[in-house]
Amino acid sequence: WLLDRRTVADYGLDLDGHWWRDAGFGIALGFGLPTLVLAVQMGVGFTSVTGVLPTGASDTFQFGAAGPLVRLALLVPFFIVQASAEEIIVRGYLLTNLAEGAAGTVGNAASTVAATVLTGALFGVLHWTNPGATALSVTNITLYGVLLGACYVLTGRLGIACGFHVAWNYTLSLWDFPVSGLETGVALIATESTGPDLVTGGAFGPEGGLVALPMLVVGTTALGWW
């Protein structure tokens, strides 16, 4: 408000009925795509289910002696804060200001596209230092960053982007996939991926593999439909 003379709603946070409907769609999308990854990889024999409610060590999450259900419950507020904060900063704040700042030079449409691509690239680079990161994982996350930017640009609200980002991270955890290279130490089902790392993403998770690209197509198509 002091620096940019904007209201909170100007950053995509007008939490009205439209916003929450968008968020609901984003949650459905964020749950559906990792679930589709699991189904496809199980179908071709790249991933198998080995147990239920596994727990393990995690360098990121310190749960102490908490059981699996408590751990899964604690991940919910963590991912809500973590993912929403990233969306508010990268999309709501940076994309908004980059697009407006360049509009006088290249026009509104070009500045919006450029801001969407640039903030998507920043989103990818921010994950470069995650464990197991590769050039492919950074490229994939950049492309997903562009998709998240499109969610914001096409609706004027952060509802889809926040819902999608939160649900994506949480659902990866549910199916025992690493979240951008991070092990959460708990899952709803225990899975083991033995397929090629180039496809599955290996220790980085689906975001680091070729499997992320067809999911990107599905997500983009779903966004266009919405």
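The values are calculated or read from the model by the stated rules, or taken from the named source; none is laboratory data. Predicted model only: the values in this text are computed from it and were never measured. When we count neighbours, we look across all protein chains shown, and the Cβ atoms used for this are built from the backbone with ideal geometry, even at glycine. We work out accessible area using only protein heavy atoms, side chains counted, and drop any ligands, DNA or RNA first. Shrake-Rupley method; radii C 1.70, N 1.55, O 1.52, S 1.80 Å.
Side notes on the structure shown:
- Note, ³J(HN,Hα) from phi for the stretch 24-37, Karplus 6.51, -1.76, 1.60, rounded to Hz, x at Gly and Pro: x, 5, x, 5, 4, 5, x, 7, x, 5, x, 5, 5, 4
- Sequence-distant residues sharing a close amide H with Leu182 (under 5 Å, placed H): none
- At most 11 other Cβ within 10 Å, DSSP loop - chymotrypsin sites (Phe, Trp or Tyr not before Pro), the stretch 1-74: Trp1
- Along the stretch 4-12 the Karplus relation, 6.51 cos²θ - 1.76 cosθ + 1.60 evaluated at θ = phi - 60°, assigns HN-Hα couplings of 9, 6, 10, 8, 4, 4, 5, 9, x Hz to successive residues, with x for each Gly and Pro.
- Inter-part distance where the stretch 1-64 and the stretch 90-155 are each reduced to a Cα centre, Å: 18 Å
- Table column - 3J(HN,Hα) (Hz), the stretch 108-118, Karplus curve with 6.51, -1.76, 1.60, x for Gly and Pro: 5, 5, 5, 5, 5, 4, 4, 5, 5, 5, 5
- Nonlocal amide H pairs with Ala190, under 5 Å, H built at 1.01 Å: Thr50, Gly51, Val52, Leu53
- 5 angstrom amide H check on Thr47, placed H, neighbours 5+ away: Met42, Thr194
- Heavy-atom accessible surface of the chain: percent carbon and sulfur, 1.4 Å: 70 percent
- Based on Cα contacts under 8 Å between residues 6+ apart, the stretch 116-181 shows a relative contact order of 33 percent.
- Remark on the stretch 1-114: hydrodynamic radius 18.1 angstrom, per the Kirkwood mean of 1/r across alpha carbon pairs.
- For the stretch 3-130, the per residue solvent-accessible surface stands at 55 Å², with DNA, RNA and ligands left out and a 1.4 Å probe.
- For the stretch 141-216, the solvent-accessible area of protein heavy atoms averages 28 Å² per residue (probe radius 1.4 Å; ligands and nucleic acids excluded).
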